[in-house]
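Undergrad: Have a look at the structure that comes next, please.
The values are calculated or read from the model by the stated rules, or taken from the named source; none is laboratory data. Since the structure is predicted, the reported quantities are computational estimates derived from the model, not experimental observations. For neighbour counting, all protein chains shown are included, and Cβ atoms are generated from backbone atoms with ideal geometry for every residue, glycine included. The area values use the complete protein model at the heavy-atom level, side chains included, leaving out ligands, DNA and RNA. Shrake-Rupley method; radii C 1.70, N 1.55, O 1.52, S 1.80 Å.
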Amino acid sequence: MRPLETLPPTETLEIENGLSLAPRVKLNLTIHPSLPSISKPIDEWQLKRALIDFLKTSLSVSVTVPEEDLQIRRLKDLKKRKRDEPVAHGALFIRDLGFLNSRKKGEESEKEEEDVKELEKKFLDWRRYVAENMDGIELNLEGVKYNLSVEIPASDDFDRMRKDWEELYAFGNRGYSKGGRQEPDTIVLRGVPSRWFAEPRVSSKPSMLVTHTIFSAFGKIRNLNVAEDDDFSKGTDEDDLDIVSGLHCKIVVQFEKYRDFYNALKVLCGRSLQKQGSRLSADYEVKWDKDGFFRNSRSQNQERSSRMQEPAAVRYKTEAPRREPHISQFTTNDTRRKRFKE
């Protein structure tokens, strides 16, 4: 796998198990009626057509978006809607970003790192341009006017996340560190298909071993947790109640080095997960862990262990201590520890 520092934001990254990270622009959409008293249900098809036509005709570069990459969820019961609430919300995905590439195929450059930074700036400027031009437009659907609000999701904004952790560790976490500089090292990923991280022909549930193999491509892993995530797809849409459990999983991965965490999070931002042979694009959510997932997990396990052992200690206080088997953590170092000094 190529060095992540040299990966342009418009290039697909091939990883393990036939998986790849494909670039895309995601924009969150919110639709309000111009007159708050309007109670007519919004026509999803007409809304999609209006937005698709806008992208084709109203930007500096014509953008073609398939209908399936424009997701709209309307409010089912308008009678329960408050005056300031939207009638619909959704997400727009722009996946064809080849026009942003500054160099032609086959053209070499001696300043690859500078070219990547230049392309990254071009990508961010263009994404901001699209969001600003779509935000606030008025849509006329069957004589009813609606206002569109557009924003870049926090999960796709790497610079915003970086500023958050820099501010947290600079001002909000003083006195916590025993020494040295405090830096984040853990990524939380939600909304990826469980079966893509499962052992083939063994189970449909996500596997720790498979997940570790996939994320080891980004760097050495200190801790890893993967579990089914049924809450990810549950939102305000009534149709979400019929979603089958176990479809998605949540992955929490802690890297040994800050640089590996930094590069992995940057690459995961603004991309979708794809699997060879599948037409599905998993538009996951990614963030950095500010809650201390593994630190809290260890504290809970220690507290639970002490509660379980306390009655036993009182009951069998005269009994000789037993030798407990040692269970080592899952690490990337497979070498056995030496039992005797040489």
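Undergrad: How do 161, 208 stack up against each other in accessible area, from largest to smallest, with a 1.4 angstrom probe? Could the numbers behind the result be given before it?
TA: On the way: 161 15, 208 75 Å².
Most to least solvent-accessible, the answer reads 208, 161.
Undergrad: Round to a whole number: what % of the accessible area of the range 38-163 belongs to carbon and sulfur, probe 1.4 Å? Write out the running numbers ahead of the final one.
TA: Values: 3460 of 7810 Å².
That share works out to 44 percent.
Undergrad: Using a cut-off of 9 Å between beta-carbons, work out the net charge of the residues near residue 148 (Lys and Arg +1, Asp and Glu -1, residue 148 not included).
TA: Working: positive: none; negative: 135, 138.
Charge balance near residue 148 sits at -2.
Undergrad: Right, another one. Report the FRET efficiency, 1/(1 + (r/R0)^6), for residue 144 and residue 118, where r is their Cβ-Cβ distance and R0 is 35 Å, rounded to 0.05.
TA: Once rounded, the FRET efficiency stands at 0.20.
Undergrad: Excluding ligands and nucleic acids, what accessible area in Å² is computed for residue 205 using a 1.4 Å probe, to the nearest 10?
TA: It works out to around 120 Å².
Undergrad: Further question: Simple spin-label model, 7 Å along Cα-to-Cβ: residue 129 to residue 227 in nm?
TA: For residue 129 paired with residue 227, the spin-label model returns 4.5 nm.
Undergrad: Calculate the dipole size of the range 1-148 relative to its Cα centre from +1 charges on Lys and Arg beta carbons and -1 charges on Asp and Glu beta carbons; express the result in debye to the nearest 20.
TA: Rounded to the nearest 20 debye, it is 1060 debye.
Undergrad: Among rounded, prolate and oblate, which fits the range 181-233 when a ≥ b ≥ c are the square roots of the eigenvalues of its C-alpha gyration tensor, a/c under 1.5 means rounded, and a/b larger than b/c means prolate?
TA: On the way: a/c = 2.92, a/b = 1.49, b/c = 1.95.
Note, shape of the range 181-233 comes out oblate.
Undergrad: Using a basic spin-label model with each label point 7 Å from the Cα along Cα→Cβ, how many nm lie between residue 208 and residue 5?
TA: Going from the residue 208 label point to the residue 5 one covers 3.4 nm.
Undergrad: Given a 1.4 Å probe, how much area per residue of the range 1-70 is accessible, in Å²?
TA: Accessible area per residue: 47 Å².
Undergrad: Turning to a different aspect of this structure: Students sometimes get this wrong: rank 49, 24 by accessible area, probe 1.4 Å, all chains present, largest first.
TA: 49, 24
Undergrad: While we're on this one: If the chain between residue 201 and residue 91 were fully stretched, how many nm would it gain, using 0.36 nm times the residue separation less the Cα-Cα distance?
TA: 36.2 nm
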